[in-house]
1. For V54, indicate whether it is in contact with a helix residue (DSSP H, G or I) (Cβ under 9 Å, 6 or more places away or on another chain), β-branched (V, I, T), at pLDDT 95 or above and part of a helix (DSSP H, G or I).
2. If you check F129, F115, F190, which single one turns out to be part of a helix (DSSP H, G or I), surrounded by 16 or more Cβ atoms within 10 Å (Cβ to Cβ) and of a type outside the set (K, R)?
3. Can you name the residue in segment 165-194 that is basic (K, R) and out of contact with any Leu (no Cβ under 9 Å at 6 or more places or on another chain) and, of all such residues, is farthest from H151 (Cα to Cα)?
4. Would you check which residues across segment 57-83 are part of a helix (DSSP H, G or I) and in contact with a Ser or Thr (Cβ under 9 Å, 6 or more places away or on another chain) and list them?
5. Scan G170, G174, G120 and give me the residue that is surrounded by fewer than 16 Cβ atoms within 10 Å (Cβ to Cβ), closer than 29 Å to Q90 by Cβ and without any contact (Cβ under 8 Å) to a residue 40 or more places away in the chain.
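The values are calculated or read from the model by the stated rules, or taken from the named source; none is laboratory data. Keep in mind it's a predicted model, so treat the numbers as computed, not measured. Every residue, glycine as well, gets a Cβ built from its backbone with ideal geometry; the counts of neighbours run over all protein chains shown.
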Amino acid sequence: MERNEKLSRIISGAAGGNPLTSVPGTATRPTTDRVKEALFSRLESLAVIGDARVLDLYAGSGSLGLESASRGARTVDLVEFDAKASEVCQRNATMVNQILGSRKVSVHRSKVESFLERAGEQDVWDLVFLDPPYPLEEEALSSVLAKLAPHLDDAAVVVVERSSRSSEPGWPEGLECFADKKYGETKLWFAEPV
């Protein structure tokens with residue numbers, strides 16, 4: 001992804017136009033505004049954002065989950081293990097929650113695998129973003145997807161963001177890819193429960 005992009009922001013909705021604090025250093029790859037606009041245009045055409053329970057795994061600054069909250073998601077869980085990124089997530093979540101006038105966004109400082117292993121039967125999501133670090137092995141990503149699958153609503157959408165040079169994720173039983181789209185160095189895969 002492009003690292004020299006201008007400051008990230010909430011694009012649309014109640015918090016639209018507000019800048020997001022970026023994670024310092026190069027440990028995370030923020031989704032560019034161009035990719036984010038295209039992604040959310042697609043999600044709005046699928047009618048999955050309004051009143052959705054959203055899960056943003058490997059959240060970084062929380063950009064995708066916070067965009068969802070701004071556009072009407074019911075709840076948003078941001079999961080990030082890195083200490084600096086988690087602090088940035090919390091700062092951005094506090095700003096969005098204040099604008100929305102409610103605590104829609106929660107930040108969880110946790111490894112993604114641990115978070116999903118702790119999730120109970122009542123923990124179900126309608127929209128899930130996964131933007132794992134590029135060094136994450138495909139086998140590890142497949143394992144995360146397998147842990148996620150039981151916690152998806154029947155009409156859920158899962159979006160995996162990877163390098164356009166990465167191979168398609170290994171989808172576990174019960175989850176199937178229905179579309180993909182390349183944007184320069186970024187590729188998005190869209191999956192749904194089957």
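1. So V54 does not fit the description; no.
2. Exactly one residue qualifies, and that residue is F115.
3. Here the residue is R165.
4. Passing the criteria: S63, L64, E67, A69, S70.
5. G120
Quick grid of which residues meet (1) farther than 22 Å from F190 by Cβ; (2) at pLDDT 95 or above:
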{"position": "E67", "(1), (2)": "no, yes"}
{"position": "V79", "(1), (2)": "no, yes"}
{"position": "V105", "(1), (2)": "yes, yes"}
{"position": "H108", "(1), (2)": "yes, yes"}
{"position": "V124", "(1), (2)": "no, yes"}
{"position": "P133", "(1), (2)": "no, no"}
{"position": "E138", "(1), (2)": "no, no"}
{"position": "S164", "(1), (2)": "no, no"}
